[in-house]
Amino acid sequence: MSDLITETPANYIGGAWETEPETMPALNPATGETIAILPRSSRATAGRAVAAANAAQPAWGAKTAWERAALCVALAGAIDGAAERLGRILSLEQGKPLAQGLGEVRKAADGFRMAAEQVKYLGGETLPVETPGMLVMTRRAPRGVYAVITPWNFPVNIPVEYIAPALATGNAVVWAPAPTTALVAVEFTRVLAAAGLPAGLLNLVVGEGATVGDEIVAHPGTHGIGFTGSTATGRRIAERGAGKPMLLELGGNGPVIVRADADLTKAAAEAAGGAFFNSGQVCAATGRVLAHASVVDDLAARMVAVAEAQVLGDPFHQGTTMGPLNNPKVLDKIVAHVDAAVAAGAKVLTGGRTRPDLGPLFYEPTVIRDVTPDMALAREETFGPVVPIVACADDEALMRVATDTSYGLSTGIFSADVPKAIAMAGALSAGIVNVNGSSTYWEIHLPFGGGAGTVSGLGRIGGRHTLEAMTDLRLISIPLPA
């Protein structure tokens with residue numbers, strides 16, 4: 001993998017690559033080795049990126065939707081052409097198996113193509129009015145410059161969920177990627193720049209979120225915010241960027257509800273799979289399984305089988321299904337949650353251990369039962385390959401535990417009684433409820449976000465929903481001649 005090591009990645013501002021006096025290492029989570037030296041950018045650098053975006057945006061915003069769509073199609077083609085290299089760098093730096101890394105990159109290309117198609121039909125309407133002789137209509141206009149801050153768990157596709165709609169609708173972007181996956185952000189930006197991306201429309205600033213992320217969020221030169229990440233960071237962003245339009249996709253602790261009449265083979269496969277995909281580092285992952293007490297033993301045994309079928313190891317080894325966690329903070333939280341649950345009486349059925357023999361950040365796929373609703377493992381976002389099983393006496397208890405949470409992102413319900421499952425779905429304050437499917441089911445054109453009154457976010461990303469959110473709806477009235 002030495003051919004993938006980049007020694008001098010840099011910021012991309014106003015169409016030019018720049019160095020930065022301070023640096024930080026990019027690490028391979030599977031081995032702990034340094035694979036690149038990255039910029040540790042300052043607030044001043046972030047401010048210059050905002051200025052470059054503002055200089056470029058007006059001319060871009062004046063382009064037609066068809067012209068902007070053509071660029072998005074070209075960028076999609078460039079991503080396709082570089083997919084193998086980008087996928088390998090993504091897996092090297094993030095830790096997910098290579099097949100998943102390649103799949104993520106190819107889905108990112110689809111995101112640009114989707115934005116290109118949908119922006120052509122993003123129209124307004126003509127409105128009836130009380131006043132005689134007036135023509136009143138609405139149209140959509142770009143907001144200006146978007147501050148985009150993205151996480152490390154899907155370091156190419158999540159950025160595209162904001163960048164593609166922003167560019168398609170005439171905005172410019174200042175992008176601050178997560179430091180632990182900033183190398184692939186640099187390489188991804190190189191691909192877009194080489195494909196003809198006009199200078200200043202996408203500006204990449206690599207550094208610590210508390211510095212560059214905070215600067216672009218609070219800067220008066222940014223006019224909208226796109227952020228995917230933790231609830232705690234989302235709250236800080238909402239405070240610092242108060243008054244700006246925001247898309248905030250935050251944390252989840254998705255309950256997967258398994259009723260007594262559920263297909264247990266399907267429920268076990270979907271729920272456990274939703275906890276082990278990307279090593280559980282998914283905001284819509286199976287956060288906890290709430291199972292009717294009569295099926296807990298059978299369901300747990302089936303989940304153990306799914307867990308023990310996982311292949312934990314080097315992301316580049318054929319057959320690996322789970323790689324390392326991305327960073328030590330995630331590992332520390334998982335260990336703390338599992339250890340506290342065991343100390344309080346929960347029982348680990350399989351897994352529950354770190355694997356230092358494989359590398360510094362490996363954690364076994366884990367199934368743990370006798371978890372109670374008050375444990376941190378059931379109440380907080382663990383963000384790792386752990387399936388906590390909570391036994392509930394009846395449907396009433398299932399719903400009581402499911403709704404006793406501050407989160408409301410994505411949920412799964414397994415039941416042979418679909419009308420009953422739909423009725424239960426209507427009582428959940430979640431943005432997504434999947435019946436007889438994993439809480440992780442989603443497609444890039446579907447609306448994704450947290451339920452009202454929860455800490456799981458604001459607004460909806462996905463398809464036309466993001467394009468609409470990244471534009472101003474402007475009303476124009478015209479008096480007609482008598």
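Which of rounded, prolate, oblate describes the range 46-123, given a ≥ b ≥ c as roots of the alpha-carbon gyration tensor eigenvalues and a/c under 1.5 marking rounded, otherwise prolate only if a/b is larger than b/c? Let's see the in-between values first.
Details: a/c = 3.02, a/b = 1.53, b/c = 1.97.
Note, shape of the range 46-123 comes out oblate.
Give the Debye-formula value of log10 I(q)/I(0) at each listed q (0.16, 0.19 Å⁻¹), with one equal scatterer per alpha carbon of the range 255-443, two decimals each.
The calculated log intensity ratios at q = 0.16, 0.19 Å⁻¹ are -0.91, -1.28.
Using the count of nearby Cβ atoms within 10 Å as a rough guide to exposure, how do 477, 415 rank from fewest to most? Write down the numbers at each step before the final one.
Working: 477 11, 415 22.
Ascending number of Cβ neighbours within 10 Å: 477, 415.
What is the Rg over Rh value, at two decimals, for the range 143-197, using alpha-carbon atoms and the Kirkwood definition of Rh? Let's see the in-between values first.
Working: Rg = 10.9 Å, Rh = 11.4 Å.
That ratio is 0.95, to two decimals.
What does the charge count near residue 389 come to, summing +1 for each Lys or Arg and -1 for each Asp or Glu among other residues with Cβ under 9 Å from its Cβ? Let's see the in-between values first.
Details: positive: 288, 369; negative: 370.
Taking every other residue near residue 389 into account, the sum is +1.
Using every Cα-Cα pair within the range 56-171, state what percent have a distance larger than 17 Å. Don't skip to the end; give the middle numbers.
On the way: 4125 of 6670 pairs.
Distances greater than 17 Å cover 62 percent of the Cα pairs.
As a test of the definition: which semi-axes, in Å, follow for the range 413-459 when you take the square root of five times each eigenvalue of its alpha carbon gyration tensor? Largest first, please. Don't skip to the answer; put the middle values down first.
Numbers: eigenvalues 82, 39, 11 Å².
Values for the range 413-459, descending: 20, 14, 7 Å.
Could you tally up the Lys pairs in the chain with alpha carbons closer than 22 Å? Skip any pair fewer than 8 positions apart unless they're on separate chains.
Details: 63/120; 96/107; 96/329; 96/333; 107/120; 266/420; 333/347.
Number of lysine pairs found: 7.
Rounded to the nearest 20 Debye, what is the dipole magnitude of the range 252-337 about its Cα centre when Lys and Arg each give +1 and Asp and Glu each give -1 at the C-beta?
Working: 6 positive and 8 negative charges, 55 e Å.
Around 260 debye, computed over the range 252-337.
Using a simple charge model, +1 on the beta-carbon of Lys and Arg, -1 on the beta-carbon of Asp and Glu, nothing else, what dipole does the chain show about its Cα centre, in debye to the nearest 20?
Approximately 1040 debye in magnitude.
What size of dipole, in debye to the nearest 20, comes out for the range 255-443 about its Cα centre when the only charges are +1 on Lys and Arg C-beta atoms and -1 on Asp and Glu C-beta atoms? Each step should come with its number before you reach the end.
Details: 13 positive and 21 negative charges, 47 e Å.
Once rounded to the nearest 20, the dipole reads 220 debye.
Using a Förster distance of 35 angstrom, determine the FRET efficiency expected from the C-beta separation of residue 406 and residue 37, and round it to 0.05. Before the final figure, lay out each step's value.
Numbers: r = 40 Å, r/R0 = 1.13.
Efficiency, rounded to the nearest 0.05: 0.30.
Stretch residue 478-residue 357 to full length: gain in nm at 0.36 nm per residue minus the Cα-Cα span? Let's see the in-between values first.
Values: separation 121, 0.36 × 121 = 43.56 nm, distance 7.23 nm.
Difference between extended and current length: 36.3 nm.
Over all Cα pairs of the range 355-449, how is the pair count split among 10 Å bins, expressed in % and running from 0 up to the last occupied bin?
13, 41, 32, 11, 2
In whole Å, what three semi-axes, largest first, describe the equivalent ellipsoid of the range 401-482 built from its Cα gyration tensor (square root of 5 times each eigenvalue)?
Details: eigenvalues 245, 42, 36 Å².
With the √(5λ) rule applied to the range 401-482, the semi-axes are 35, 14, 13 Å.
By how many nm would the segment from residue 443 to residue 16 lengthen if fully extended, with 0.36 nm per residue of separation less the alpha-carbon distance?
Details: separation 427, 0.36 × 427 = 153.72 nm, distance 3.44 nm.
Between residue 443 and residue 16, full extension yields 150.3 nm more.
Which three semi-axes in whole Å describe the equivalent ellipsoid of the range 222-334, each the square root of 5 times a Cα gyration tensor eigenvalue, listed largest first?
Result for the range 222-334: semi-axes of 33, 20, 11 Å.
Report ³J(HN,Hα) in whole Hz for each residue of the range 279-290, in order, from the Karplus equation J = 6.51 cos²θ - 1.76 cosθ + 1.60 where θ = phi - 60°; Gly and Pro get x.
Each residue's phi maps through the Karplus curve to give 6, x, 8, 9, 5, 9, 4, 5, x, 6, 10, 9 Hz.
Show me, for the range 40-57, the HN-Hα J-couplings you get by feeding each phi into the Karplus relation (A = 6.51, B = -1.76, C = 1.60, θ = phi - 60°), rounded to Hz, glycine and proline as x.
3J(HN,Hα) across the range 40-57, in whole Hz: 10, 6, 9, 4, 5, 5, 4, x, 5, 5, 5, 4, 5, 5, 5, 5, 8, 5.
Quick one: net charge around residue 251, please, counting Lys, Arg +1 and Asp, Glu -1 for every other residue with C-beta under 13 Å from its C-beta.
On the way: positive: 235, 333, 379; negative: 249, 380, 381.
Value of the local net charge: 0.
How much length, in nm to one decimal, is gained on full extension between residue 235 and residue 301, taken as 0.36 nm per residue of separation minus their Cα-Cα distance?
Numbers: separation 66, 0.36 × 66 = 23.76 nm, distance 3.92 nm.
That works out to 19.8 nm of additional length.
May I ask you to derive the relative contact order of the chain, considering only C-alpha pairs under 8 Å and at least 6 residues apart, and to give it as an integer percent?
Details: 1189 pairs, mean separation 89.4, N = 482.
Dividing the mean separation by the residue count of the chain yields 19 percent.
What net charge is computed for the residues neighbouring residue 269, neighbours being all others with C-beta under 14 Å from the C-beta of residue 269, Lys and Arg scored +1, Asp and Glu -1?
Numbers: positive: 266, 302; negative: 263, 270, 298, 308.
Surrounding charge for residue 269 is -2.
Please work out the C-alpha center-to-center distance from the range 164-241 to the range 329-399 and express it in whole Å.
Each part reduced to its Cα centre gives a spacing of 33 Å.
We did not get these values from a lab; they are worked out from the coordinates using the rules stated. The shown structure was predicted, so the numbers you read here are calculated from the model rather than taken from an experiment. All Cβ positions, even for glycine, are placed from backbone atoms using ideal geometry, and neighbour counts span all protein chains on display.
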